[in-house]
Amino acid sequence: MKPKLEVRNLSKTFYENGRVVKALDGVSFAARPGEFITIIGPSGCGKSTLFNLITGLIRPDSGDILLDGVSIAGRTGLVGYMPQRDLLLPWRNVLDNVILGPELAGRPRAEARRKALELFPLFGLEGFERAYPAELSGGMRQRAALLRTFLCERDVLLLDEPFGALDALTRRRLQSWLLGVWRRFRQTILFVTHDVREAVFLADRVIVMSARPGRVRQVFVVSIPRPRDKRAMLAESAVKLQAALIEALEAEVDRDPGSQARPDRARNRPLLG
Ligand code: ADP
């Protein structure tokens, strides 16, 4: 099967205030159509940089990004992107927030609204069409931001820690809900997380990135049958996989020169991020 998205040997270095930061160094992987890939790695390993490159917001120093076999490096608007912060516009109601993508693409508002309203029940937002972002719970805000990303109607979605700021229970509910939405629409999804359980629960494959400069350190295939539930995550293979991921990540954090220079900080701060 031809890959939907291919990342070939991507490298990116930033130069800022006399500082040289090599963020990514030769990152390569490919995602099949409809595949769900989670990406996990130490803080600062270049996960957001990778997404900014795939969305075309920044250009790689070398390497290429191919969508359906065609180079898209430096081209924006071809993949759906949900950044870490939900970026809902506080002065727009939920309906007008979620149609932002089609609106910016110059599509008729009435049609965009009709399509959006059809999806409000699936996204658990029915009855909140005219509410403003400040009136929504954290989980609802994330679902609204996801709906906005879905309505861009792209085959590939990049989701940067969409559930990172939510409490554990809401996060688990949204994970199951997201899998339901994905089963229906089957986009190719790249999902950044720093939560090992989440990485395993959602993915067909988990990519572990190295400490900076980011490289693909290891790729784990998740063969837990779908649909997955709490019980599936307690099976021996699922538990072992999570343990293997934690080990791979700890090895990267230990390798990170930044964390070794500050052992106390490294010990006290969250492992990943
Ligand atoms: P992650 O998302 O994995 O935490 P990032 O991609 O945000 O990592 O950052 C990787 C490295 O690149 C960090 O050291 C960060 O400071 C640096 N970096 C990211 N964007 C820029 C930028 N626009 N200018 C300078 N340095 C940057």
Once both label points are put 7 Å beyond Cα along the C-beta direction, the LEU104-GLN218 separation in nm becomes 3.7 nm
Whole-percent tail of the Cα-Cα distance distribution for region 1-104, cut at 21 Å, equals 44 percent
Under 27 Å between C-alpha atoms, the lysine pairs in the chain lying 8 or more places apart or on different chains count 10
Rg/Rh of region 121-206 (Cα atoms, Kirkwood Rh), to two decimals, equals 0.94
Taking r as the C-beta separation of SER176 and ALA251 and R0 as 30 Å, the FRET efficiency to the nearest 0.05 is 0.50
In nm, the gap between the two label points placed 7 Å beyond Cα toward Cβ at SER28 and ALA168 is 4.1 nm
Out of GLN187, LEU117, ILE54 - ranked by how far each Cα lies towards the positive end of the dipole of the chain, with unit charges on the beta-carbon of charged residues - the top one is LEU117
Here the FRET efficiency for ASN9 versus LEU119, based on Cβ atoms and R0 = 45 Å and rounded to 0.05, is 0.75
Here the percent of antiparallel bridges among DSSP beta bridges lying wholly in the chain, to the nearest 5, is 55 percent
Rounded to the nearest whole number, the Stokes-Einstein translational diffusion coefficient of region 86-153 at 25 °C and 0.890 mPa s (Kirkwood radius, C-alpha pairs) in µm²/s is 213 µm²/s
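Taking only C-alpha pairs under 8 Å that are 6+ residues apart, what is the relative contact order of the chain in percent?
It rounds to 24 percent for the chain.
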Phi angles of region 165-173, converted by Karplus (6.51 cos²θ - 1.76 cosθ + 1.60, θ = phi - 60°) into ³J(HN,Hα) in whole Hz with x for Gly and Pro, give 9, 8, 5, 4, 5, 4, 4, 5, 4
PRE zone check, label point 7 Å out along Cα-to-Cβ of ALA134, amide N under 12 Å, scope region 82-111, hits 90-92
Once amide hydrogens are built 1.01 Å from N within the peptide plane, the residues lying 5 or more places from ARG217 or on another chain with amide H under 5 Å from its amide H are VAL208, MET209, SER210
With the charge dipole of the chain built from beta-carbon charges (+1 for Lys and Arg, -1 for Asp and Glu) about the Cα centre, the Cα from PHE36, ALA73, ALA23 projecting farthest to the positive end belongs to PHE36
For the chain, the Cα convex hull volume per residue in Å³ comes to 147 Å³
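Here, each number is a calculation from the coordinates, and none is a lab measurement. A quick note: this is a predicted structure, and the numbers were derived from the prediction, not measured. Don't worry about glycine lacking a Cβ; one is built from the backbone with ideal geometry, like all the others, and counts go over all protein chains shown.
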